[in-house]
Amino acid sequence: MPTVAATSITPPDQHLVTAREALEPLYEKLELQTESLVLAAALEAGWSPDEATEALAALRLQDALSTLGRTN
């Protein structure tokens, strides 16, 4: 029967980076890609760049307020 060597697990207070530090760049990259896709779709649908940008800003604000538990 094969044997498995014990693997030590680093305690959270000894990690070199926090989970947030590790995930933040990926989150920002995905956010930028999503915004680009939404703006491209709006432009393709005939919206002006200003209209698309304002609509995206309104969506971001609505999402932030919802996250905070507030609504317009």
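The values are calculated or read from the model by the stated rules, or taken from the named source; none is laboratory data. Being a predicted model, the structure only gives us computed values, none of them experimental. Heads up, the Cβs are rebuilt from the backbone with ideal geometry, glycines too, and the neighbour counts pull from every protein chain shown.
Counting just the residues of the range 50-72 that are acidic (D, E) and surrounded by 10 or more Cβ atoms within 10 Å (Cβ to Cβ), which one comes out modelled with the lowest pLDDT?
Here is the first cut: in the range 50-72, the residues acidic (D, E) are 50-51, 54, 63.
From what's left, surrounded by 10 or more Cβ atoms within 10 Å (Cβ to Cβ): 51, 54, 63.
Values: E51: 96, E54: 96, D63: 90.
So the residue we want is D63.
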Pair list, Cβ under 7 Å, 6 or more apart: the range 50-69 residue without any contact (Cβ under 8 Å) to a residue 40 or more places away in the chain and on the phi < 0 side of the Ramachandran plot, other residue surrounded by 10 or more Cβ atoms within 10 Å (Cβ to Cβ) and of a type in the set (G, A, S): A52/A42; A55/A42
Lone unmet requirement of (1) at pLDDT 95 or above; (2) surrounded by 10 or more Cβ atoms within 10 Å (Cβ to Cβ); (3) assigned to a helix (DSSP H, G or I) for W47: (3)
Members of the range 13-30 that are more than 18 Å from R60 (Cα to Cα), surrounded by 10 or more Cβ atoms within 10 Å (Cβ to Cβ) and either within 8 Å of the chain's Cα centre (by Cα) or at pLDDT 80 or above (or both): T18, E21, A22, L23
Residue within the range 3-17 that is out of contact with any strand residue (DSSP E or B) (no Cβ under 6 Å at 6 or more places or on another chain), of a type outside the set (A, V, I, L, M) and within 24 Å of A64 (Cβ to Cβ) present: no
